[in-house]
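The structure appears below as structure tokens.
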Amino acid sequence: MHYVFITGGVASSLGKGIASAALATLLKSRKFKVRIRKLDPYLNVDPGTMSPYQHGEVYVTDDGAETDLDLGHYERFTNQSANKSDSISSGKIYSNVLHKERQGDYLGATIQVIPHVTNEIKSFINGDLNKENIVIYEIGGTVGDIESLPFLEAIRQIRNNRNISSALIHMTYIPYLSSAGELKTKPTQHSVKELLNAGIQPDIIMCRSERGIDDESISKISLFCNVKKDSVIPALNANSIYEVPSLYSKYGLDKILLKHLSYNIKKYPLNLKPWQNLLKKINNQKFKTTIGVVGKYTNLKDSYKSLNEALIHGGIENSTKVEIKWINAEKLNKKNITKQLGTCDGILVPGGFGHRGIGGKIESIRYARENNIPFFGICLGMQLAVIEIARNVLKIKNADSSEFKSNSRSVVGLMTEWTKGNKIEKRNKDSAKGGTMRLGSYKAKLMKNSKIFSIYKKSTIDERHRHRYEVNAKFISKFRQKGYIFSGMSPDGLLPEVLESELHKWFIGVQFHPELKSRPLDPHPLFVSFIKNCKNDKH
Ligand code: GLN
């Protein structure tokens, strides 16, 4: 087994996550058994309670971990599911150490960063492995941050162990100075010095740049950073992120890495056919479909990363370019709604928390419903569709969710218990906020002859959840009388999972997050069907 560590320097947001994922794609396409894991330097125990404004989307795995959005990239590129033990944060590491200290596990020793924290990091790196050929470890943050130091020290120790084979890839940024008309390599040199300070010499340097990198700059980086010239790999911008694996391969990243790990690459030929076919489809999108996404975190696109990708996947499958119009729900009202949504071929209300922007989202659902525009509600989006229909069709004027108003007629309310496997999970209003939701993969049963059944083409589905509130099943028959069917339920029949309309062209709300399971080589059927129906409006 070999380890590949990927660190970042010079600036944050270089796209290390996509780089790690693309590298894994290349290795997988050579038939290696690969896995990617992430170490994040922040002190939150997990990203579950972090604001999407700051940290982007919280990605949920099948086994219910709330993780960094990079795990989403990993799954989309490798087409394999991540799990709880694929990511860890400094917060979790320290909390493990402190827990052991309180348990007396350290037998009275003075607890220090070296060796106790670094040992904990090493045991994560070395632990829970499954006979993979190559395990890629992405180190979050930027070299030089105080928080990254224990990670670098742990990596130094691992690389110092003769029995472990590893490679270290350092990703940096090469800025272009227009006044000098030159690409500048100095920040890269400094960031490699920073790594050397921690006792680590990189094997490969990947250079992010907005412009092609000239041979002279490559030679300079090779000379000053003590890395062979063919191990300085340009990482240029791509038209589509799904082009990144082929781009890296063109510059020889996979070959050089495998050479470092002493593989005979002739034995592992590269087959990028499925990705090349995907790129052909991407470059051959004949139509354009505009989807209005009415949300709260529309300023930071990363907040809806998986959704963004799932819509694109749906578009690729339908030969149409999906243009997403991000609409700030807080600014949406009856007066401007036609102007804002009139040009959209479909309307989607994504998941979310808290009362802000709720009015605008409900208005957009009403607009979609009254004008028979394809509507897709995800998690909170489904709950709000239930509220909108309850208020405007069933005429329950004060219908609401107890998340927003506690003494209303709650068509959506706090779930107090549900079953997971054989055990009953319980929550109430006093439960802690972190890690207490209905999280991860749960089964749902679909009604035969329903629209949702025709989309999935099966009666039992498995989808990922992340919510605290639930549609109140008491209202099911009232909805049915008006043509709104709960066509998917939890297997015990207690929790509504899917709402669909018999009266509309495409009006579906789901309590789960299908976007988390959509992959470019295996697009999610709900997104494929949604985009197909939006597209047919015009073409
Ligand atoms: N806020 C809602 C709940 O907790 C919806 C959550 C979501 O959209 N992910 O149930």
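General observations
- Contact order for the chain, expressed relative to its length and based on alpha carbon pairs under 8 Å spaced 6+ residues apart, stands at 15 percent.
- Mean residue ellipticity at 222 nm, helices only, the chain: -9500 deg cm²/dmol; runs of at least 4 DSSP H residues each add -39,500 (n - 2.57), and the sum is divided by the number of residues.
- Between 0 and 90°, nearest 10: helix 215-225 axis offset from the chain longest Cα axis: 70
- Sorted largest first, extent of the chain alpha carbons per principal axis (Å): 73, 63, 47
- Of the accessible area of the stretch 100-210, computed with a 1.4 Å probe over protein heavy atoms only, carbon and sulfur atoms account for 45 percent.
- By definition, a body whose alpha carbon gyration tensor gives a ≥ b ≥ c is oblate when a/c is 1.5 or more and a/b is not larger than b/c, and the stretch 457-539 fits this oblate description.
- Of the peptides 389-395, 453-459, the ranking by mean beta-carbon count within 10 Å, highest at the top, reads 389-395, 453-459.
- Tensor-based shape of the stretch 99-173 (alpha-carbon gyration tensor, a/c under 1.5 rounded, otherwise prolate or oblate): oblate
- Gyration tensor verdict on the stretch 1-121 (Cα atoms; rounded if a/c is under 1.5, prolate if a/b is larger than b/c, oblate otherwise): prolate
- Taking Cα atoms only, the orientation of helix 90-103 departs from the longest principal axis of the chain by about 90 degrees.
- For the chain, share of DSSP beta bridges that run antiparallel, in % to the nearest 5: 35
- Euclidean distance between Cα centres, the stretch 321-350 to the stretch 291-311, Å: 12
- Solvent exposure of the chain, expressed per residue, is 44 Å² of accessible area, with all protein chains present and a 1.4 angstrom probe.
- For the stretch 148-224 versus the stretch 467-522, the gap between their alpha-carbon centres in whole angstrom: 49
- Nearest 10 degrees, 0 to 90: helix 16-28 Cα axis against the chain principal axis: 80
- Restraint check, K186/K228; K361/K458; K301/K443; K296/K505, Cα-Cα greater than 20 Å: K361/K458; K301/K443; K296/K505
- Of the trypsin sites (Lys or Arg not before Pro) found in the stretch 67-171, those that fall in a DSSP loop while having at most 16 other beta-carbon atoms within 10 Å are K131, R162.
The values are calculated or read from the model by the stated rules, or taken from the named source; none is laboratory data. Quantities reported herein were computed from a predicted structural model and do not represent experimental measurements. With ideal geometry, Cβ positions are generated from the backbone for all residues, glycine too; neighbour counts draw on all protein chains shown. All accessible areas refer to the heavy atoms of the entire protein, side chains included, with ligands and DNA or RNA removed. Shrake-Rupley method; radii C 1.70, N 1.55, O 1.52, S 1.80 Å.
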